[in-house]
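Enquirer: Starting off with a structure, shown below.
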């Protein structure tokens, strides 16, 4: 992800190069906000920024405007005009969206300027806001910069443990960012924090780590800074020669382009180390050289420290005139320094007063909040107790309700299971009755014909049967076998219908007139033998949709029954008429009729029922039941009317089809099985 810092760095360096017209530009990879300027450079930059601001405003170039305000703020910061620097940084923050990197960088610059004014309270607050934004954005370089400045803030107020903690967090951020230059710098700051806490061994450890990092990076400026820090620790420990060696190396490695303040500090330390070694000439030379660098910084504090060191040096080495001159200059500077210190003290006191006032107000608010929280806790406890009671009541009610629902559900399941058991029992009873009927018919009705056949064959084997009696027995046996064949046909169809159940029909397009003609031809011989007139009065074409084999059986059974119960000289007629989408087929006879008490039993609802015909013909009691079931499975209705002594009418309906129907006509009619009248 591209962050704002790299863009700002590049823009800062390019802008500095163009504004300074050849003056030293920013070093690649160094954040512009820590770039120290000399006073002439700062004044030159301000002139160039004023010239470029109007064009940037006309172009509404937000990025360039923000960079210009940052650069102008740095210039004012160098010139010691903190209020003007603050205005520039605040303007840059207004040009940035809230909670963005640019806004956080502007806040960091504002905090640094407030710290220079001694307003540590507001500086700490501003740093905290910038740090929060950088952490939300996971911006490690920004976190490192802000934490470094927080460490400096705590160091200025002598809160070195807090400064150490901030530096440690900054070190972690720079290590995660893989920035070895800043890592080396923070290690040096950590060493300074431990030195101020008199943790000299820890200080030397961190300073040595900083030195190692700087040497790996071949960063002479950072190496010089680390050596200067190590020299300070040895100076405190009175290791004068080691300290002098470190300061000498630090001065040798210090780049020519290093800021004047850093050069002044190294020269001052080197001069003091030579003084401790008794080398007056070298000490005076380095302190005088440090004065030249200090004048470039414009810092009265640095100049005062140097003149004080020279005064002490000249006094101890019996140089009264030089000591007097240095003392005079030191005294003159003390007024300016004292004024600056008084202003800083006033600002610090005001900040402390405001901080203590705010802290007092915060304590009062905390106590008030604690009282409110205690009241809220009591109210919450009462509310929780009430809620628990209500929940327990609701849980009890819910438990009772669920138990009742489970009981009702269990009852419904039991009811359904009982109903299923009853249905299964009824089905088993029906199947058992069917089995008993089938076995009864087989054992009774099939045994007679087979016994007669056996007796006839036995007589034929003996050879003692006269011809006239053989003809009589043969004719009787033939009729009996025809009846048995018809019985087997009905038994097989009835058994199949009981096993397959409903929905076993395979309807197709059929011609009723052809089926009736076939059935009439089948029973014409029986009708002639009983001298009964068998008539077919169906129209020429009767198209219907039904299972062809089932309808054949229905017609055979109805015609067989009609012939069975019609006496000689009677009539059996088959008719059909169209009723909307149905064909109604009627088999009417002039037979003996059916008594009223036998009509219900005849349909088969009360079990299998059969009576003898007019010529003593036997039946199975299954014919009409099969007719009714097969008609229903083909979507029709079955009914009959009968009057004793007049005759009977058996009717059934089937779905009709038009002549232009696309349903394929049944193929060649299957040959009907021969059947005798029941």
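The values are calculated or read from the model by the stated rules, or taken from the named source; none is laboratory data. Just so it is clear, the structure is predicted and the values come from calculations on it, not from any experiment. A quick note on method: Cβ atoms are made from the backbone with ideal geometry, for glycine too, and the neighbour counts reach across all protein chains shown.
Enquirer: Determine, yes or no, whether residue 84 is modelled with pLDDT under 90, over 25 Å from residue 170 (Cβ atoms) and part of a helix (DSSP H, G or I).
Expert: Details: modelled with pLDDT under 90: yes; over 25 Å from residue 170 (Cβ atoms): yes; part of a helix (DSSP H, G or I): yes.
It is true that residue 84 is modelled with pLDDT under 90, over 25 Å from residue 170 (Cβ atoms) and part of a helix (DSSP H, G or I).
Enquirer: Looking at the stretch 166-187, is at least one residue surrounded by 24 or more Cβ atoms within 10 Å (Cβ to Cβ) and touching a residue at least 60 places away in the same chain (Cβ under 8 Å)?
Expert: Among the residues of the stretch 166-187, not one is surrounded by 24 or more Cβ atoms within 10 Å (Cβ to Cβ) and touching a residue at least 60 places away in the same chain (Cβ under 8 Å), which makes the answer no.
Enquirer: Which residue pairs have Cβ atoms under 8 Å apart, sit 6 or more places apart or on different chains, and have a first residue in the stretch 289-316 that is on the phi > 0 side of the Ramachandran plot and a second that is assigned to a helix (DSSP H, G or I)?
Expert: 298/39
Yes/no per residue for (1) over 16 Å from residue 637 (Cβ atoms); (2) surrounded by 16 or more Cβ atoms within 10 Å (Cβ to Cβ):
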{"residue": "550", "(1), (2)": "no, yes"}
{"residue": "560", "(1), (2)": "yes, yes"}
{"residue": "566", "(1), (2)": "yes, yes"}
{"residue": "573", "(1), (2)": "yes, yes"}
{"residue": "581", "(1), (2)": "no, no"}
{"residue": "584", "(1), (2)": "no, yes"}
{"residue": "588", "(1), (2)": "yes, yes"}
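Enquirer: Checking the structure you have, find out if any residue of the stretch 580-589 is in contact with a helix residue (DSSP H, G or I) (Cβ under 9 Å, 6 or more places away or on another chain) and modelled with pLDDT under 85.
Expert: Let us first name the residues in the stretch 580-589 that are in contact with a helix residue (DSSP H, G or I) (Cβ under 9 Å, 6 or more places away or on another chain), namely 583, 585, 587-589.
Cutting the leftovers down to modelled with pLDDT under 85 gives us none.
No - not one qualifying residue is present in the stretch 580-589.
Enquirer: Now, a different point. Considering only residues that are in contact with a helix residue (DSSP H, G or I) (Cβ under 8 Å, 6 or more places away or on another chain) and either buried (at least 20 other Cβ atoms within 10 Å of the Cβ) or over 19 Å from residue 627 (Cα atoms) (or both), look in the stretch 506-521 and name the one that is modelled with the lowest pLDDT. Lay out the reasoning, then the answer.
Expert: First, the residues of the stretch 506-521 that are in contact with a helix residue (DSSP H, G or I) (Cβ under 8 Å, 6 or more places away or on another chain): 508, 510, 512, 515-516, 518-520.
From what's left, either buried (at least 20 other Cβ atoms within 10 Å of the Cβ) or over 19 Å from residue 627 (Cα atoms) (or both): 510, 512, 515-516, 519.
Working: 510: 92, 512: 91, 515: 89, 516: 91, 519: 84.
The selected residue is 519.
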